[in-house]
1. Could you work out how much longer the chain between Phe7 and Phe334 gets when fully extended? Use 0.36 nm per residue separation minus the Cα distance between them, nm to one decimal.
2. Suppose we keep just the alpha-carbon trace of region 215-340; what are its Rg and Dmax in angstrom?
3. Using amide H atoms built 1.01 Å from N in the peptide plane, name the residues 5+ places from Gly157, or on other chains, whose amide H lies under 5 Å from its own.
4. May I ask you to derive the relative contact order of the chain, considering only C-alpha pairs under 8 Å and at least 6 residues apart, and to give it as an integer percent?
5. In what sequence do Ile375, Ile226, Ile423 fall when counting other Cβ within 10 Å, fewest first?
6. Give the lysines reachable from Lys159 as a straight Cα distance under 18 Å; neighbours fewer than 8 places away on the same chain don't count.
7. Compute the separation of the alpha-carbon centres of region 191-210 and region 32-67 and state it in Å as a whole number.
8. Rank Gln382, Asn272, Leu139 by how far each Cα sits towards the positive end of the charge dipole of the chain (+1 on Lys, Arg Cβ; -1 on Asp, Glu Cβ) and give me just the farthest.
Amino acid sequence: MNNFAEFLSRFQFGFTASYHIMFPALSIGLSWFLVLIHGMYLKTGKVEYFRIYKFWTSIFALNFSIGVVTGIFMSFQFGLNWSKFSYAAGPVLGSIIGLEVMTAFFLEAGFLGIMLLGWNRVNKKVHFFATLMVAVGTLISATWILGANSWLHTPAGYKFSNGQYFITEWWHAVFNPSFYIRYPHMLLASMFASSFLVAGISAWYLLKNRYLSFAKTTYSISLAIITVLIPVQLWVGDTLYAKMAVYQPAKTEALEGFWEDTPTAPYLLFVNPDFKNQRNDVQVGIPYMGSILITHSLHGTVQGLKRTPPENQPNMALTFYFFRVMFLVAILMFFTALTSIALRFTGSLFVKRWFLKMSIFMTPAGVIATIAGWITSETGRQPYVIYGLLRTEAAASSLSNFQVVFSFSLFLITYIILLAAYIKFICKIVQKGPEEIQNTLKTDERKTDNFISGLPEGIKLNVK
């Protein structure tokens, strides 16, 4: 493959993967939010929780369906643009992804119909169980997917034969060294993606003075989740950084932006790296903060990218700036959490218009941080597609420029249409607002009566 076709193939896969990851992340978080709401409805019997569940189920279903579609499209590229990678890693990744389909996907698909359409058709506890199983399915799916992706970062439990990698030890292959910390980091990112979405929509209702009881409940719960989880995520992120400094030192060297080992290092906010001469033409940073954040010492030494041979160095600019996006968004999240605590104590959480507007502004924060973190992780792995084993340039298919431009154009058009449709339907759902509970219950009762009337004589259906 020529250089332009390879570059565009990388860009195409990065684009489609980043696009796809939004929807599974939101689906994971929303599924567990629905489990929480359903559990509170069972415990209290308050119809407000029923309204919340019905409203957010529709948004969950939309995210879940688009996630499935974009995931299928993304997988085409393994055979289309990266056939040599598919040949080499297929025995490993194919086995793991196959198990994801056989376990998680069928579990989710089996209970999703009950979750979406089962109100008043099955017992409430059975319906809660269906919701729980869908949420568990998202975790199982994330386990296999993160296991496969983490294997590319820290391959383990394999043998190499005839140009292919085969699993010899399942436990070590799936639960490889980086999996243990990347997995909780991704799950927490999913919780933030969904929590900020819930908080943003709720804040919009509060500003518009609509569905106040509904909005106050969801706003309070989502901000509480953010407040509890943000310190955990910061600790997990710091632990992940330390783990990657051991297994992928070039990644951590690149994302800090230094070429030389630097004692008493600033925290760099802007760099203009010169790869050819292995230096920064321009750099701007906050004095001492680099050493404090990275080494937890005022005069600690931050390692530079020159420790890694130039042919094995990742793209410093991409790794550096996407990491900064993730980190700065995390700081905004932390500020949001602290402010919400102060406003709760003063009894003004639902009325401070500047904070409600900030919550709307922060609606995509979790998704942005997730995408930025994912790109940081993947660009930092370069120039390897299987770290230390298979270089990306050796994994690409032999395609012409036209072939790659044509396939990328189709993906781009399809994904733009999907995104436009997604935004349109989300806006329609939000504009319509939560259904009035009386209308919903009456509709469900009519559906239940019709369903029961079609059953054979003698069969009873528990519709508690």
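Read-outs: derived from the displayed coordinates by stated rules, not from any lab. Keep in mind the model is a prediction, meaning the values are calculated, not measured. Ideal geometry is used to build each Cβ from the backbone, glycine not excepted, and the neighbour counts take in all protein chains shown.
1. Working: separation 327, 0.36 × 327 = 117.72 nm, distance 3.64 nm.
Residue separation times 0.36 nm, minus the Cα-Cα distance, leaves 114.1 nm.
2. 16.8, 56
3. none
4. Values: 653 pairs, mean separation 102.9, N = 464.
After rounding, I find 22 percent.
5. Working: Ile375 21, Ile226 25, Ile423 10.
Lowest count first: Ile423, Ile375, Ile226.
6. Counting by Cα, and skipping residues close in sequence, Lys159 has these lysines nearby: Lys84.
7. 15
8. The Cα lying farthest towards the positive end belongs to Leu139.
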